[in-house]
Amino acid sequence: MDERLMDERLRRWRLVLGGDADGTGCALGGNDAQMDAALAALYNSGRGSGEGQGGGGDTQSGAGLGASAPRVARWLGDIRSYFPSTVVQVMQKDAIERLNLTRLLLEPEMLEAVEPDVHLVGTLLSLNRVMPETARRSARAVVRKVVADLERRLAQRTRTAITGALDRSARTHRPRRVADIDWDRTIRANLKNYLPQRNTIVPSRLVGYARRQRAVIREVTLCIDQSGSMAASVVYSSVFGAVLASMRSLRTSLVVFDTSVVDLTDQLHDPVELLFGTQLGGGTDINRAIAYCQGLITRPANSIFILISDLYEGGVREEMLRRAAAMTAAGVQVIVLLALSDEGQPHYDRDNAEALAALGVPAFACTPDAFPGLMAAAIERRDIAQWAERTLSIRAT
């Protein structure tokens with residue numbers, strides 16, 4: 001094997017395995033040594049007493065970030081220099097979980113050093129009530145940046161999918177005016193009636209729109225579990241809620257709950273303010289939340305109710321199921337999202353998910369990229385369980 005290729009392989013294995021040169025015979029220098037020190041400060045933290053420098057230096061002197069905000073801030077700056085943002089976000093999340101750095105996130109200098117992402121927003125929201133005002137300003141800037149990035153990524157796709165679904169749902173075979181006829185679809189539907197001798201089509205049926213999209217066509221209620229495990233779902237739901245609220249053909253309500261219920265519909269114009277109105281953590285009373293949302297629904301046959309929860313019920317389970325059954329029987333399209341995040345298979349109460357499925361209420365995890373398609377399918381009143389099985393990698397319950 002070529003010697004340079006062998007050296008490169010040893011270098012890579014040395015970075016993967018950590019430790020020292022004894023195992024691979026490969027010593028690191030320059031940026032490699034700095035990268036190794038940054039990784040060791042997080043993933044070798046159990047080996048040392050927390051007195052290492054975190055952002056550089058010999059890893060043999062001890063690994064760890066210690067409890068110093070400046071030290072952690074330097075480390076955050078280092079990893080942003082050495083690794084792509086996707087890797088930085090994973091390392092930040094691991095640091096918060098492994099080294100219990102939540103207290104240090106209350107320091108403004110820390111917030112200025114981090115790479116903003118959905119997980120960090122969830123952590124900041126969980127600290128909202130204990131955050132000093134100086135840190136709150138920095139935290140809002142972080143949250144606003146993440147929300148703006150999500151809106152750029154998701155808003156236009158959501159509006160396009162929903163507008164198309166609303167148009168399709170409003171089609172009729174008896175348009176009242178010529179202006180309401182969909183000529184393309186009318187021609188396609190009547191090609192069998194083409195008369196060659198007259199070079200024309202005689203339409204046996206028209207395809208058009210029942211009315212222009214000015215009135216509210218669908219009522220959408222997002223009911224969001226704000227327990228700690230649902231942090232990413234709360235962030236994505238708030239962004240989607242703001243996008244839906246901007247569409248005149250929808251009447252959108254957004255409710256968050258733990259053991260109490262808070263209606264945040266009046267804050268949908270500003271998803272950042274909406275997020276700071278949540279309180280992540282605490283218990284869960286799904287039954288109480290559904291009871292409140294039932295009172296918001298005025299046109300059941302034209303309503304979509306989306307419960308976003310891991311279904312660990314702390315309230316009255318039988319009442320929760322009874323209310324879900326009643327809403328479905330009244331014509332409401334009830335959907336349960338076990339998670340609205342990119343994190344894969346969520347933890348959830350399987351007994352409750354199966355009980356809801358037996359009532360005709362599908363329960364599955366949904367990625368943010370798939371949510372616009374889900375809303376389009378719901379507006380067109382398609383079979384959501386079939387849509388989920390066909391569209392999502394996580395099979396519907």
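Within region 303-326, the set of residues being open to solvent by less than 10 Å² (accessible area, probe 1.4 Å) and more than 20 Å from the chain's Cα centre (by Cα) comprises 303, 320, 324.
What are the residues in region 17-44 that are under 21 Å from residue 75 (Cα atoms), modelled with pLDDT under 70 and surrounded by fewer than 11 Cβ atoms within 10 Å (Cβ to Cβ), if any?
Listed by number, the list holds a single entry, 29.
Among the numbered conditions (1) in contact (Cβ under 8 Å) with a residue 60 or more places away in the chain; (2) within 20 Å of residue 155 (Cβ to Cβ), the only one that residue 248 does not meet is (1). Of note, residue 259 does not satisfy the criterion of being within 21 Å of residue 231 (Cα to Cα) and open to solvent by less than 50 Å² (accessible area, probe 1.4 Å). Look at region 307-319: where a residue is among the aliphatic types (A, V, I, L, M) and a partner is open to solvent by 10 Å² or more (accessible area, probe 1.4 Å), sitting 6+ places away or on another chain with Cβ atoms under 6 Å, you get 311/348; 311/349; 316/287. Counting only helices (runs of 4 or more DSSP H) that fall entirely inside region 82-176 and contain at least 2 residues that are open to solvent by 60 Å² or more (accessible area, probe 1.4 Å) and either closer than 30 Å to residue 248 by Cα or at pLDDT 85 or above (or both), the qualifying elements are 133-169. Taking residues in region 29-53 that are within 22 Å of residue 89 (Cβ to Cβ), and partners anywhere that are modelled with pLDDT under 70 and in a helix (DSSP H, G or I), the pairs with Cβ atoms closer than 6 Å and at least 6 places apart or on different chains are 37/59; 40/59. The condition of being open to solvent by less than 50 Å² (accessible area, probe 1.4 Å), closer than 27 Å to residue 135 by Cβ and either modelled with pLDDT of 95 or more or touching a strand residue (DSSP E or B) at 6+ places or on another chain (Cβ under 9 Å) (or both) does not hold for residue 276.
Yes or no, residue by residue, for (1) of a type in the set (A, V, I, L, M); (2) modelled with pLDDT of 95 or more; (3) over 15 Å from the mean Cα position of the chain (by Cα):
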{"position": "354", "(1), (2), (3)": "no, yes, yes"}
{"position": "361", "(1), (2), (3)": "yes, yes, yes"}
{"position": "369", "(1), (2), (3)": "no, no, no"}
{"position": "376", "(1), (2), (3)": "yes, no, yes"}
{"position": "379", "(1), (2), (3)": "yes, no, yes"}
{"position": "382", "(1), (2), (3)": "no, no, yes"}
{"position": "388", "(1), (2), (3)": "yes, no, yes"}
{"position": "393", "(1), (2), (3)": "no, no, yes"}
{"position": "396", "(1), (2), (3)": "yes, no, yes"}
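Going by the conditions given, is residue 322 more than 24 Å from residue 232 (Cβ to Cβ), free of Cβ contacts under 8 Å to residues at least 12 places away in the same chain and not small (Gly, Ala, Ser)? Criteria met by residue 322.
The residue list 389, 354 contains one member that is open to solvent by 50 Å² or more (accessible area, probe 1.4 Å), farther than 29 Å from residue 118 by Cα and not in a loop (DSSP other than H, G, I, E, B), which is 354.
Of the residues 338, 374, the single one that is crowded, with 21+ Cβ neighbours inside 10 Å, under 26 Å from residue 158 (Cα atoms) and touching a His at 6+ places or on another chain (Cβ under 9 Å) is 338. Does any residue of region 341-350 turn out to be over 23 Å from the mean Cα position of the chain (by Cα), assigned to a helix (DSSP H, G or I) and among the charged types (D, E, K, R)? Scanning region 341-350, I find no residue that is over 23 Å from the mean Cα position of the chain (by Cα), assigned to a helix (DSSP H, G or I) and among the charged types (D, E, K, R), so the answer is no.
The values are calculated or read from the model by the stated rules, or taken from the named source; none is laboratory data. It should be emphasised that the depicted structure is a prediction, and the values quoted were computed from it without experimental measurement. Heads up, the Cβs are rebuilt from the backbone with ideal geometry, glycines too, and the neighbour counts pull from every protein chain shown. Just the protein is used for accessible areas: all its heavy atoms, side chains included, with ligands, DNA and RNA removed. Shrake-Rupley method; radii C 1.70, N 1.55, O 1.52, S 1.80 Å.
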